[in-house]
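The values are calculated or read from the model by the stated rules, or taken from the named source; none is laboratory data. Just so it is clear, the model here is predicted, and its values are computed rather than measured. With ideal geometry, Cβ positions are generated from the backbone for all residues, glycine too; neighbour counts draw on all protein chains shown.
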Amino acid sequence: MRNRFVFLAFIMILLGMGCKENVIPKPKAMLRLEYPDFETENFETKNFQFQYNTMAQLKDEGNNSLTLDYPRIKGSIFITYKEVNDNLEKLLSDAQKLSYEHVVKADGIEANEFLNPEERVFGMFYEVSGNAASQAQFYVTDSTWHFVTGSLYFYAKPNYDSIYPAAAYLQKDIRRIMETLRWKE
């Protein structure tokens, strides 16, 4: 019995001496979301056409409004067409005002000019960072007849850190729409 006690005490001392390594907590893991590469399809209205990501479900809402719904990402891009009838200044002002309404919740809004003179497509792309309701806004026009606006929204309460990968993916889709947009005469 005494030998057994000595043996257990010896094992305990060895274990105590062997466990002197500093314990380091594991770093917090970040969720890695990956989305498929773009596969595009053409869409035409009576006034314009563009390419969109086939991951989206295209819905014609009537009244010159479209929705590109991304159920897997839980977000949508809303697109609206308006004719220019000596009201270009008002249309531009309204589109810019809509983009800057998110300044209250946004950490920042980066405005990028878009120019495609060969196709007469001119506009702005607004990338919104922070916990704003919309993560991107855009408008394009030919400055004489056509005006298209668009907004990106998610179905969840905005938490920029969580939705950033999805927002970045859909912002690329918006840029693709702007780059491939062509007016019909």
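The table below lists the values:
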{"item": "Any hit, region 124-140, residues being under 15 Å from the mean Cα position of the chain (by Cα) and at pLDDT 95 or above", "result": "yes"}
{"item": "The lone exception for Phe5 - which of (1) at pLDDT below 80; (2) within 26 Å of Val140 (Cβ to Cβ) it fails", "result": "(2)"}
{"item": "Qualifying residue in region 151-162 (condition: crowded, with 21+ Cβ neighbours inside 10 Å, among the polar types (S, T, N, Q), outside any helix (DSSP H, G or I) and under 22 Å from the mean Cα position of the chain (by Cα))", "result": "yes"}
{"item": "Residue in region 46-62 that is farthest from Arg182 (Cα to Cα), counting only those that are in contact with a Leu (Cβ under 8 Å, 6 or more places away or on another chain) and polar (S, T, N, Q)", "result": "Gln57"}
{"item": "Residue in region 96-116 that is modelled with pLDDT of 95 or more and more than 19 Å from Ala168 (Cα to Cα) present", "result": "yes"}
{"item": "Where a residue in region 61-85 is without any contact (Cβ under 8 Å) to a residue 12 or more places away in the chain and basic (Lys, Arg) and its partner, wherever it lies, is buried (at least 16 other Cβ atoms within 10 Å of the Cβ) and not in a strand (DSSP E or B), with Cβ under 8 Å and at least six apart", "result": "none"}
{"item": "When residues of region 163-177 are limited to those that are in contact (Cβ under 8 Å) with a residue 12 or more places away in the chain and either among the small types (Gly, Ala, Ser) or part of a strand (DSSP E or B) (or both), the one surrounded by the most Cβ atoms within 10 Å (Cβ to Cβ)", "result": "Ala167"}
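Residue-by-condition table, conditions (1) modelled with pLDDT under 95; (2) surrounded by 11 or more Cβ atoms within 10 Å (Cβ to Cβ):
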{"position": "Leu14", "(1), (2)": "yes, no"}
{"position": "Asn22", "(1), (2)": "yes, no"}
{"position": "Met55", "(1), (2)": "yes, yes"}
{"position": "Asp69", "(1), (2)": "no, yes"}
{"position": "Ile73", "(1), (2)": "yes, yes"}
{"position": "Tyr81", "(1), (2)": "no, yes"}
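Matching residues to (1) of a type in the set (Asp, Glu); (2) touching a strand residue (DSSP E or B) at 6+ places or on another chain (Cβ under 8 Å); (3) on the phi < 0 side of the Ramachandran plot:
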| position | (1), (2), (3) |
| --- | --- |
| Lys97 | no, no, yes |
| Glu101 | yes, no, yes |
| Asp107 | yes, yes, yes |
| Asn112 | no, yes, yes |
| Asn116 | no, yes, yes |
| Val121 | no, yes, yes |
| Val128 | no, yes, yes |
| Phe138 | no, yes, yes |
| Thr141 | no, yes, yes |
